[in-house]
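The values are calculated or read from the model by the stated rules, or taken from the named source; none is laboratory data. Worth saying up front: this structure is predicted, and the values here are computed from it rather than measured. Counting neighbours? That spans all protein chains shown, and the Cβs are built from the backbone with ideal geometry, glycine included.
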Ligand SMILES: Cc1cc2nc3c(=O)[nH]c(=O)nc-3n(C[C@H](O)[C@H](O)[C@H](O)COP(=O)(O)OP(=O)(O)OC[C@H]3O[C@@H](n4cnc5c(N)ncnc54)[C@H](O)[C@@H]3O)c2cc1C
């Protein structure tokens, strides 16, 4: 008998889980709060690592398509000092496929493929252990039961309270994201400064990172330490106010670097929250978590990779199923917790060094990563 499986959330974790199950002809119900795939901007570029995100795509049978879409040249990394002088400039070898970049929208569409998503299905609550299985209550009042509910619904998961009372806490660092379009024709000097991949500038307790996406789109992330009560979760109503407060914060930095803020549009606040580094829970039959819902950590290039690996591994364990799905889920959770705890420590230490009182520490971190 096939189990009734639902996955809540169609980000990298949920889609990879569903796509690998689909490859094994196992039915899965996909529940997503967004009303449509393009209901909101998909976000910036992601680097997918060999042995992590790329391994997950291989398990989904999508590695060749990923290689055709991804941008190996996006692995280029340049560091400038606040005066605008280049202090490091790493370029990938032509055959380097270790961490190529892909736009989030492209990755989503690649994973979606033939999957049938129930868009506009926001989950409000999950109640395990009812007579007919795990009860899912939707935001619109409907309800439905399943044998397994997989919470892949991100940082503010509505599934998580069914297994854990833990909630994310603020790291002390906020990002403000802005973007530039058509950079090669509209801002050729900035395009040259950024290069083919990413460019970063680090100062005392702050940094500016610019990342190339496809089609001449650039995302800029201003990062700084600030108390938790000075920012909101939503886009600031006034882009000009956001721009001038950032220009004041980075006052004195080289004019071309500040041009990244001067020409930016649509400023969005992203205070960085994390779950505890070793977030585990007592296993609850019929419910589990994947990706950010299970192990939210600072955005240092691991979160989507881990989310996809989680999704692929859980799907394969279920598909291999000797019958006892709950045992497969329990064993998967142990593996996921150990791996996530390792990365949570690495990324927390990384964030401390990138947004630190000593900017040389940020450069030293990149030296270590590039030489490993
Ligand atoms: C600025 C930035 C840059 C990053 N860069 C990288 C990078 O280069 N490499 C990398 O590996 N990671 C990166 N990350 C981290 C990465 O984005 C996340 O770790 C990853 O998206 C987590 O995937 P997920 O599927 O677990 O959750 P999400 O991507 O958050 O997806 C959750 C999904 O669940 C849906 N949902 C939420 N609530 C409900 C509900 N109640 N009911 C139904 N659906 C719901 C949401 O709409 C969403 O579609 C970055 C993060 C940020 C902020």
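So, in segment 64-86, how many residues would count as being closer than 30 Å to residue 251 by Cβ and surrounded by 14 or more Cβ atoms within 10 Å (Cβ to Cβ)?
Let us first name the residues in segment 64-86 that are closer than 30 Å to residue 251 by Cβ, namely 76-86.
Checking which are surrounded by 14 or more Cβ atoms within 10 Å (Cβ to Cβ) leaves us with 76-82, 84.
Selection size over segment 64-86: 8.
Looking for whichever is assigned to a loop (DSSP other than H, G, I, E, B), more than 10 Å from the ligand (Cβ to nearest atom) and on the phi < 0 side of the Ramachandran plot here; the options are 178, 167. Which one fits? Spell out the reasoning first.
Details: 178 fails: assigned to a loop (DSSP other than H, G, I, E, B).
From the options 178, 167, the qualifying one is 167.
Determine whether residue 272 is within 12 Å of the ligand (Cβ to nearest atom), within 26 Å of residue 4 (Cα to Cα) and touching a residue at least 60 places away in the same chain (Cβ under 8 Å).
Working: within 12 Å of the ligand (Cβ to nearest atom): yes; within 26 Å of residue 4 (Cα to Cα): no; touching a residue at least 60 places away in the same chain (Cβ under 8 Å): yes.
No.
Filter segment 38-61 down to the residues that are near the ligand (Cβ under 9 Å from one of its atoms) and part of a loop (DSSP other than H, G, I, E, B), then identify the one that is surrounded by the most Cβ atoms within 10 Å (Cβ to Cβ).
As a first pass, look at segment 38-61 and keep what is near the ligand (Cβ under 9 Å from one of its atoms): 39-40, 43-49, 52-53.
Cutting the leftovers down to part of a loop (DSSP other than H, G, I, E, B) gives us 39-40, 43-44, 48-49, 52.
Details: 39: 12, 40: 9, 43: 17, 44: 20, 48: 24, 49: 18, 52: 22.
This residue is 48.
Is it fair to say residue 33 is outside any strand (DSSP E or B), modelled with pLDDT of 95 or more and out of contact with any strand residue (DSSP E or B) (no Cβ under 8 Å at 6 or more places or on another chain)? So that I can check it myself, show each step before the final result.
Details: outside any strand (DSSP E or B): yes; modelled with pLDDT of 95 or more: yes; out of contact with any strand residue (DSSP E or B) (no Cβ under 8 Å at 6 or more places or on another chain): no.
Taking the combined requirement at face value, the residue does not satisfy it.
Looking at (1) assigned to a loop (DSSP other than H, G, I, E, B); (2) away from the ligand (no atom under 16 Å from the Cβ); (3) farther than 30 Å from residue 287 by Cβ, find the lone condition where residue 196 falls short.
Among (1) assigned to a loop (DSSP other than H, G, I, E, B); (2) away from the ligand (no atom under 16 Å from the Cβ); (3) farther than 30 Å from residue 287 by Cβ, residue 196 violates only (2).
Which residue, of 205, 213, is assigned by TED's automatic domain parsing to the domain that holds residue 259 and more than 30 Å from residue 73 (Cβ to Cβ)?
Values: 213 fails: more than 30 Å from residue 73 (Cβ to Cβ).
Of 205, 213, the one residue that is assigned by TED's automatic domain parsing to the domain that holds residue 259 and more than 30 Å from residue 73 (Cβ to Cβ) is 205.
May I ask you to list the residues in segment 159-192 that are more than 22 Å from the chain's Cα centre (by Cα), buried (at least 20 other Cβ atoms within 10 Å of the Cβ) and outside the structural domain of residue 34 (by TED's automatic domain parsing)?
183, 187, 190 - these are the residues of segment 159-192 that are more than 22 Å from the chain's Cα centre (by Cα), buried (at least 20 other Cβ atoms within 10 Å of the Cβ) and outside the structural domain of residue 34 (by TED's automatic domain parsing).
Checking residue 35 against (1) without any contact (Cβ under 8 Å) to a residue 40 or more places away in the chain; (2) more than 25 Å from residue 212 (Cα to Cα); (3) surrounded by fewer than 18 Cβ atoms within 10 Å (Cβ to Cβ), which test does it fail?
Exception for residue 35: condition (1).
Yes/no matrix, rows are residues, columns are (1) within 20 Å of residue 281 (Cβ to Cβ); (2) not in a helix (DSSP H, G or I):
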| site | (1), (2) |
| --- | --- |
| 316 | no, no |
| 319 | no, no |
| 323 | no, yes |
| 329 | yes, no |
| 333 | yes, no |
| 342 | yes, no |
| 362 | no, no |
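Which numbered condition trips up residue 278, out of (1) over 16 Å from residue 177 (Cβ atoms); (2) at pLDDT 95 or above?
Among (1) over 16 Å from residue 177 (Cβ atoms); (2) at pLDDT 95 or above, residue 278 violates only (2).
Spot the failing condition for residue 106; the list is (1) within 14 Å of the ligand (Cβ to nearest atom); (2) buried (at least 22 other Cβ atoms within 10 Å of the Cβ); (3) within 19 Å of residue 43 (Cβ to Cβ), and only one is missed.
The failed condition is (2).
Of everything in segment 244-264, what is more than 17 Å from residue 175 (Cα to Cα) and either buried (at least 19 other Cβ atoms within 10 Å of the Cβ) or outside the structural domain of residue 190 (by TED's automatic domain parsing) (or both)? Give them in sequence order.
253
Of the conditions (1) within 14 Å of the ligand (Cβ to nearest atom); (2) surrounded by 22 or more Cβ atoms within 10 Å (Cβ to Cβ); (3) not in a strand (DSSP E or B), residue 288 clears all except one; give me its number.
Result: residue 288 passes all but (3).
Here's the yes/no breakdown for (1) surrounded by 24 or more Cβ atoms within 10 Å (Cβ to Cβ); (2) within 14 Å of the ligand (Cβ to nearest atom):
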{"position": "294", "(1), (2)": "yes, yes"}
{"position": "315", "(1), (2)": "yes, yes"}
{"position": "318", "(1), (2)": "no, no"}
{"position": "325", "(1), (2)": "no, no"}
{"position": "340", "(1), (2)": "yes, yes"}
{"position": "343", "(1), (2)": "no, yes"}
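When residue 152 is evaluated against the numbered criteria (1) more than 9 Å from the ligand (Cβ to nearest atom); (2) in contact (Cβ under 8 Å) with a residue 60 or more places away in the chain, which criterion, by number, is the only one it fails?
(1)
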